[in-house]
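Student: Before we start, here is the structure in question, set down as structure tokens.
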């Protein structure tokens, strides 16, 4: 690829209004890369930024960060927001206690620890416990995160996985629980894998070791499932399953509670999977579902039958029982039928089936017996999210948590037999829920579809159209946005702002039909829903374009980029985080091919290419348009949505936009797509984003 000239672009923009400072963006070289898509020539002048290990890209990142932090450093209230956020963050955080193979455990964080610490408990009501594993001691800067844990079947060994610098790559380590001594076992090149205790070892899946330098960008192919015997080296692991004929397929294996059956799952995207089983001693797997048209997962083996959670013939999901002697669909027995609400999942505990439902994007919990007879609801009058109910089939005690946008997490102990919930632990954060309100509103999208949205704000604010408002959306991959509390929103809410979460099509809030209504050639529905949400907020005097920010991450970053290109007039600020910005090339990196079930690819057909090209954030940036103030955020170790998406998007914005507002990119080091980010880095990023947002809105009177 040929670089044209030494100084293709040099921009100098004066920021007026509250900032009154001049921004000189870094010089971004261009190359002569052009691609032919079904006869349409598309230029890609910043293709060289896809090389994340080159000296040129490193220099560009350094130069962009210098400009961004110079701008942020001049925001007079930035340090105040950061310090106050740090104070708010500094309270003890405690997870629900949980039991794995006879061992009670719990996660705790004293307040500002970068990573939460794993504690071993004598019993569920042990309020002290002893430290079993402190991931903060695994690095000097808190960038090694604990991602998963398991306990060996004999209860003696802790098996845990870690991720470094925010990458999706994991390593699995082993520790003797009683002595706290680490074992020599060390498994590498693991991605998108659970840890399944099996016999005297574990089942896990891994990829071939990538070429040096390509670890964070190369496509992930040829996933294999292995058995590792504790006390041996990884080179001795036994291959259980591989499928070289289908290199992009992710394969994984889980067992039922007894270990009598192995269940093999295959997926080629973010939705749709196969499932097969093999009884202990058998050599071959028997298919139950052998196509990728639906989603089907084992809940548990109950009375010799496979209880499967599935959307086959039920777009809002149902629970069926399958006899392993006859797995034909015609022989399936329906246990919990499809409901008007979406069945989100099922737990099996002591002859009870605890079913989670979504009703207008908030949780209802119903209890059935093992034959599907309805028994009762687990009462909760507040609108929010309920999660938990983990445990074994014979357990009579379990825990669950409730949270909402204005309610910090509350943990309950639950007596399964008597349907009795007892408050076990309440968040210690200094936040008075009574001063805030969360309400749900509904509005019509462009095509008349009814869309829900949650609004959270202080009860005493005046709805006069001048409230700083952050509109957050996602709209993809069957993911549901349900109410939850987050410290990150407090700088907005405490300053009289409004936090709005819109449940867009493409998500899972109303089942598979809702999901598919926002995929592939229906993706514009997602953007239309978001635009209608912004218009609703403005029309009903919650806010106005001068006070409205649009925020989203990953697929939500794509949402932000596409929407502000279509309707820049609606927003004062845009905050795309780790976004999918290049819709023509997203499938060429790491796990990107798996998103094709939602997006389609530029190689599928001329029609699909033209549709993607028509909304791709990178390719639809306009010249001579007044954009909102834009702060792009990404990270150097993001191997889910590679940072090149954000790099190319920011470079193109800085080239084409000649208005008065800042167009900046903040690139975090030693961080990834978001999971496992150290507390210190999280606080700094949130403070920067919130400061940028407020700084680019008029001062509220």
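Student: If you go through region 1-44, how many residues are within 30 Å of residue 607 (Cα to Cα), modelled with pLDDT of 50 or more and in a loop (DSSP other than H, G, I, E, B)?
Tutor: Of the residues in region 1-44, the ones within 30 Å of residue 607 (Cα to Cα) are 1, 30-44.
Right, trim to modelled with pLDDT of 50 or more and you get 30-44.
Okay, now just the ones that are also in a loop (DSSP other than H, G, I, E, B), so 32-33, 38-39, 44.
Looking only at that region, the number is 5.
Student: Give just the number: which of (1) surrounded by fewer than 22 Cβ atoms within 10 Å (Cβ to Cβ); (2) in contact with a strand residue (DSSP E or B) (Cβ under 7 Å, 6 or more places away or on another chain); (3) more than 13 Å from residue 229 (Cα to Cα) does residue 179 not satisfy?
Tutor: (2)
Student: So which of 606, 699 ends up being farther than 23 Å from residue 67 by Cβ, at pLDDT 95 or above and surrounded by fewer than 23 Cβ atoms within 10 Å (Cβ to Cβ)? Give the derivation first.
Tutor: Numbers: 699 fails: at pLDDT 95 or above.
Result: 606 is the single residue among 606, 699 that is farther than 23 Å from residue 67 by Cβ, at pLDDT 95 or above and surrounded by fewer than 23 Cβ atoms within 10 Å (Cβ to Cβ).
Student: Do any strands (runs of 3 or more DSSP E) lying entirely in region 216-275 carry at least 3 residues that are closer than 29 Å to residue 642 by Cβ and in contact with a strand residue (DSSP E or B) (Cβ under 7 Å, 6 or more places away or on another chain), and which ones are they? Steps first, answer last, please.
Tutor: Details: elements: 224-229, 238-241, 250-255, 261-267.
Those strands (runs of 3 or more DSSP E) span 224-229, 250-255, 261-267.
Student: One residue is enough: does region 424-445 have a residue meeting the conditions at pLDDT 95 or above, closer than 29 Å to residue 351 by Cβ and either surrounded by 20 or more Cβ atoms within 10 Å (Cβ to Cβ) or touching a strand residue (DSSP E or B) at 6+ places or on another chain (Cβ under 6 Å) (or both)?
Tutor: Yes: one or more hits.
Student: Spot the failing condition for residue 124; the list is (1) in contact (Cβ under 8 Å) with a residue 40 or more places away in the chain; (2) under 23 Å from the mean Cα position of the chain (by Cα), and only one is missed.
Tutor: (2)
Student: Among the residues of region 137-176, how many are farther than 28 Å from residue 207 by Cβ and buried (at least 18 other Cβ atoms within 10 Å of the Cβ)?
Tutor: Number of matching residues: 0.
Student: Search region 507-525 for residues being in a helix (DSSP H, G or I) and in contact (Cβ under 8 Å) with a residue 24 or more places away in the chain, and hand back the single one that is surrounded by the most Cβ atoms within 10 Å (Cβ to Cβ). It would help to see each step written out before you state the result.
Tutor: Filtering region 507-525 down to residues in a helix (DSSP H, G or I) leaves 512-516, 520-522, 524-525.
Going one step further and asking which of them are in contact (Cβ under 8 Å) with a residue 24 or more places away in the chain, we end up with 512-513, 515, 520-521, 524-525.
On the way: 512: 18, 513: 11, 515: 26, 520: 16, 521: 11, 524: 16, 525: 21.
The selected residue is 515.
Student: Might you let me know whether region 542-549 holds any residue that is part of a helix (DSSP H, G or I), at negative phi and in contact with a strand residue (DSSP E or B) (Cβ under 9 Å, 6 or more places away or on another chain)?
Tutor: First pass over region 542-549, keeping only residues part of a helix (DSSP H, G or I): 545-547.
Now restrict to residues that are at negative phi: 545-547.
Okay, now just the ones that are also in contact with a strand residue (DSSP E or B) (Cβ under 9 Å, 6 or more places away or on another chain), so 547.
For region 542-549, residues part of a helix (DSSP H, G or I), at negative phi and in contact with a strand residue (DSSP E or B) (Cβ under 9 Å, 6 or more places away or on another chain): present.
Student: Mind checking which residues of region 303-317 are surrounded by fewer than 18 Cβ atoms within 10 Å (Cβ to Cβ), in contact (Cβ under 8 Å) with a residue 60 or more places away in the chain and out of contact with any helix residue (DSSP H, G or I) (no Cβ under 7 Å at 6 or more places or on another chain)?
Tutor: Of everything in region 303-317, just one residue is surrounded by fewer than 18 Cβ atoms within 10 Å (Cβ to Cβ), in contact (Cβ under 8 Å) with a residue 60 or more places away in the chain and out of contact with any helix residue (DSSP H, G or I) (no Cβ under 7 Å at 6 or more places or on another chain), namely 303.
Student: Tell me, which residue of region 528-549 that is under 22 Å from residue 613 (Cα atoms) and crowded, with 24+ Cβ neighbours inside 10 Å is farthest from the chain's Cα centre (by Cα)?
Tutor: Looking only at region 528-549, we keep the residues that are under 22 Å from residue 613 (Cα atoms), and these are 528-531.
Add one more test, that the residue is crowded, with 24+ Cβ neighbours inside 10 Å, and what stays is 529-530.
Values: 529: 21, 530: 19 Å.
Once the filter is applied, the top-ranked residue is 529.
Residue-by-condition table, conditions (1) under 30 Å from residue 352 (Cα atoms); (2) outside any loop (DSSP other than H, G, I, E, B):
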{"residue": "422", "(1), (2)": "yes, yes"}
{"residue": "446", "(1), (2)": "no, no"}
{"residue": "456", "(1), (2)": "no, yes"}
{"residue": "465", "(1), (2)": "no, no"}
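Student: Every residue in region 164-215 that is closer than 21 Å to residue 635 by Cα, under 22 Å from the mean Cα position of the chain (by Cα) and not in a strand (DSSP E or B), please.
Tutor: Matches in region 164-215: 165, 166, 167, 168, 169, 191, 192, 215.
Student: Let me ask something else about it. Take the conditions surrounded by 19 or more Cβ atoms within 10 Å (Cβ to Cβ), more than 18 Å from residue 691 (Cα to Cα), touching a strand residue (DSSP E or B) at 6+ places or on another chain (Cβ under 7 Å) and free of Cβ contacts under 8 Å to residues at least 40 places away in the same chain and apply them to residue 30. Does it pass?
Tutor: Details: surrounded by 19 or more Cβ atoms within 10 Å (Cβ to Cβ): yes; more than 18 Å from residue 691 (Cα to Cα): yes; touching a strand residue (DSSP E or B) at 6+ places or on another chain (Cβ under 7 Å): yes; free of Cβ contacts under 8 Å to residues at least 40 places away in the same chain: yes.
Judged against the criteria, residue 30 is a match.
Student: Sticking with this structure for a sec: Could you run through region 353-382 and say how many residues are under 22 Å from the mean Cα position of the chain (by Cα) and part of a loop (DSSP other than H, G, I, E, B)?
Tutor: 2
Student: Looking only at residues in region 225-266 that are surrounded by fewer than 13 Cβ atoms within 10 Å (Cβ to Cβ) and over 21 Å from residue 281 (Cβ atoms), which one is nearest to the chain's Cα centre (by Cα)?
Tutor: Among them, the one singled out is 247.
The values are calculated or read from the model by the stated rules, or taken from the named source; none is laboratory data. Just so we're clear, the structure is a prediction, and the values are computed from it rather than from any experiment. Note that each Cβ is placed from the backbone with ideal geometry, even for glycine, and that neighbours are counted across all protein chains shown.
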